[in-house]
Amino acid sequence: MCDLCESEIETATSNTKTRVKLWQMPRHYHCPIIGTCLSMVELNKVQRNCSLPLPPNPRDHQLHTVIVGQAEHNGATAHRLHKLLDRKFQRWIKAYSQLRSLDEQHQFWRNALWHGELSGPFWALLSHSHSCRQLIDQVLGDVHMLSHLQGASNRADLKHSSALEQQVAELQQQLEQQRQQFEFKLAKKEQQLATQECALAALQARPAPAEKPEQPLRQQLAESHQALRLLRRKQTWLVAQLAQREQRLTELKHGHNGLSEQIDEAHQERDTLERTLQQLLLRLAPAEQPSHPARDTEVIDLNGKRLAYIGGRPTLYPHLRSYVETLNGQLTLHDGGQEDNRADLCSSLSAADLVFCPIDCVSHDACLRVKKFCKQHQKPFVPLRSASLSAFSNGLRWANQRAAGTAPGGIITHSTQPLALPQVND
């Protein structure tokens, strides 16, 4: 930060008790504040109320630029923006004003990054006169880099969506061309048939000396009828092709929706892996962590509990065992009867305090046996949607929260939504 910006913020803080007005902040604060904290709908409303000069149908960037330019002046637009921000983020401003130490301020921003709620904490932190300069620089840097990451992710999604839309448009264009060609040929054949029938009727109406002149016309009429039958069969085939193409379009639309859901699940699995890594780092170096950790980064301590994992992939067994031992627990592994003896399954379940079963990598018979055993012996049973380490970590975290009485009901999966399955140990 330059000396001019430092003098501006020092002058601003000296004129207020605890808050800094929007127009009193350095100029380079206005762009990230308006871009992060206000939506385009809110900016359009401010533009209409303040009658800002803009060309007809302005682009979003033009509107953003004009309002950022107005934010640095002590005028009606800046006052309206400041009131809008204070009213929108009143809860965050009140929470931040109650912080008394630098560590609490840093923890406040880390919690905002962890939960993905940046707008309110961002405005509360920058508009408070007691915010540390080092923390402000860190916050501006984090918001700047997050905008780059979000832009890259949106560009990839838009590129894939654009390719699907282009493919759908091409298929629709091909179908329309084939339909027009068929209708043209059918109309032409029907016109020829009508002409021949009229000629034949006229020939039959007048007295003919012999039947020989009618033979060529009858032969042409038979050929026309045969051509018409061929065209009708082709019409049936084209209608079937049209139905197949429409079904293909529907499948492409469903595939597009499925890809969107896979992107969301990948984001959720990434968050789970990050929480697992942070938990392991907390155990390996607890002295380096802050004195008040965030709620989502609590350390799981199994206190010697015995866990049973039925099914899954044998290649992940060593990683699962190491992870559970890191959490001060014991893990018993059983493949559900593929290579391990089925007779050992009941003994593994009897000694377990908590039972996990990935439903995508275990036999149907083994899954039902485990489910029935847990119901009869009142043992917690957690079915996992996949056999990945992230799904197991997410299920274990849910089970720990459930034991502490802080988790919602349902059966945990690798995502944050519960599976639509009946709970066994109710």
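A compact table of results
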| read-out | value |
| --- | --- |
| Least to most buried among 206, 275, 313, 59 (fewest other Cβ within 10 Å first) | 206, 59, 313, 275 |
| Neighbour-count ranking [beta-carbon atoms within 10 angstrom, fewest first] of 364, 225 | 364, 225 |
| For 348, 363, order by how many other beta-carbon atoms lie within 10 Å, fewest first | 363, 348 |
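Throughout, read-outs are computed from the coordinates displayed, never taken from laboratory work. Note that this is a predicted model, so its numbers are computed, not measured. Every residue, glycine as well, gets a Cβ built from its backbone with ideal geometry; the counts of neighbours run over all protein chains shown.
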